[in-house]
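Read through the structure below, which is laid out as structure tokens, and then see the notes.
The values are calculated or read from the model by the stated rules, or taken from the named source; none is laboratory data. Just so it is clear, the model here is predicted, and its values are computed rather than measured. Positions of Cβ are generated from backbone atoms using ideal geometry, with glycine treated the same way; all protein chains shown enter the neighbour counts. The accessibility values were calculated without ligands, DNA or RNA, using every heavy atom of the protein model including side chains. Shrake-Rupley method; radii C 1.70, N 1.55, O 1.52, S 1.80 Å.
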Amino acid sequence: MPFLLSILREIRDPRDINARHDLAELLFLALLATLCGAKSCVDIADFVEGREDELREIVALEHGCPSHDTFSRVFRLLDAEELSRSFAAFMAALRQTLGPSPRGVVAVDGKSLRRGYTKGRVFMPPLMVSVWDAETRLSIAAARAPEGDEVTATLDLLKSLDLKGCTVTADALHCRPDTAKALIGKKAHYALGLKGNRPKLFAAAERSFAAAAEIAFFETSESTHGRTETRRASVLPLKRLLDALAFPGLKAIGRIEASRSVAGGKPTTSVRYVALSKVLMPKKLAETVRAHWTIENQLHWSLDVLFHEDDARTRKDNGPQNLAIIRRLAQNILQAHPLDKPIASKMRRARWNKDFLFQLFTHMR
């Protein structure tokens, strides 16, 4: 806890000099409340008031319990970039406590804060970009995309991360020369979705796979809940492409053919292509693409179902993105705790048991 508080104390206080409550304490209290299931600034204030005696063991609360208006004002005014940098600094330290730096799949994806839109702009809710370490199952960086510009936000996030040896995955929006160059500059590999927004490269991939005589492949099949899915992964090295197109670091094109059939229904098929900066074996391609989707299944799903992010109605100024970062930090802390229980179970334990709530931090020393 002292380490996290020391990081939070580096954040510049945007309030006037006569502000009564310590900024780092306010942010830490908001995090504690979120770990226990708080969904709004009102919930956070109620949590602090209800557990004031316990919380005084770790924070001063010199001027008593802050009101929900105090929390709301702080999150509206706080520089979201500063909080994002503090989040990344804490996550870098947390990853070190888990062992050697992971060198697996790092996924990038955006997520809308559906009810966080400003008045009159329901069509454009704030968009948060998250960087997800699939190996440790932790969100290692997050930031708001300015005016919904996910590409710019992603490039800014990548600059501050240690990605050496990792394979960064993203959807077709990020299959761009500038993103590829940025990842190569970070000594990382990439596996970027390839669609019609790169028309020449996409057409070359389709023609090359269609003309290829023999291609090694790796196939998997799963049957659950009356649904059967079969996926076949294959890879063509750059030298086997019919058209030599310039794209930074490109070494191969991967293809995932998926077939889904539901009992009593017609089977459906789809084909996806992936631009690769490293020639992968078909099995490794299948594992990499599969790992990318953990950002949806284990991060975005958790934020919506457990933290009710899609229902959050904070809308003013920097409030939506600052609270979104607090949720991601809380999700990481709960995920990193070694108790072999779902995150929802850990949240309930933190709410009911003071010792377990404090243990969420002490085990990371």
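If you go through the range 44-87 and keep only what is buried (at least 17 other Cβ atoms within 10 Å of the Cβ) and under 25 Å from Pro342 (Cβ atoms), you end up with Ile44, Phe47, Arg51, Phe87. Mind checking which pairs have a first residue in the range 190-212 that is under 13 Å from Leu238 (Cα atoms) and a second that is of a type in the set (Lys, Arg), Cβ under 7 Å, 6 or more apart or different chains? Close Cβ pairs (under 7 Å, with a partner that is of a type in the set (Lys, Arg)) amount to Ser208/Arg240; Phe209/Arg255; Ala212/Arg240.
Listed here are the residues, each with its yes/no results for (1) assigned to a loop (DSSP other than H, G, I, E, B); (2) of a type outside the set (Lys, Arg).
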| site | (1), (2) |
| --- | --- |
| Ile17 | yes, yes |
| His21 | yes, yes |
| Phe28 | no, yes |
| Leu31 | no, yes |
| Lys39 | yes, no |
| Val42 | no, yes |
| Ala45 | no, yes |
| Glu54 | no, yes |
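Tell me which residues, restricted to the range 199-222, are within 29 Å of the chain's Cα centre (by Cα), farther than 17 Å from Ala286 by Cβ and either of a type in the set (Lys, Arg) or open to solvent by 30 Å² or more (accessible area, probe 1.4 Å) (or both). Pro199, Phe202 - these are the residues of the range 199-222 that are within 29 Å of the chain's Cα centre (by Cα), farther than 17 Å from Ala286 by Cβ and either of a type in the set (Lys, Arg) or open to solvent by 30 Å² or more (accessible area, probe 1.4 Å) (or both). Just one residue in the set Lys266, Lys283, Lys316, Lys341 is out of contact with any Pro (no Cβ under 9 Å at 6 or more places or on another chain), touching a residue at least 24 places away in the same chain (Cβ under 8 Å) and either among the hydroxyl-bearing types (Ser, Thr, Tyr) or outside any helix (DSSP H, G or I) (or both); that residue is Lys316.
Could you list, in sequence order, the residues of the range 213-231 that are in contact (Cβ under 8 Å) with a residue 60 or more places away in the chain and assigned to a strand (DSSP E or B)? Within the range 213-231, Phe217, Phe218, Thr220 meet the criteria. None of Ser261, Ser302, Ser234 is part of a helix (DSSP H, G or I) and surrounded by 16 or more Cβ atoms within 10 Å (Cβ to Cβ) except Ser302.
Only one entry in Arg328, Arg313 is within 20 Å of the chain's Cα centre (by Cα) and among the charged types (D, E, K, R), namely Arg328.
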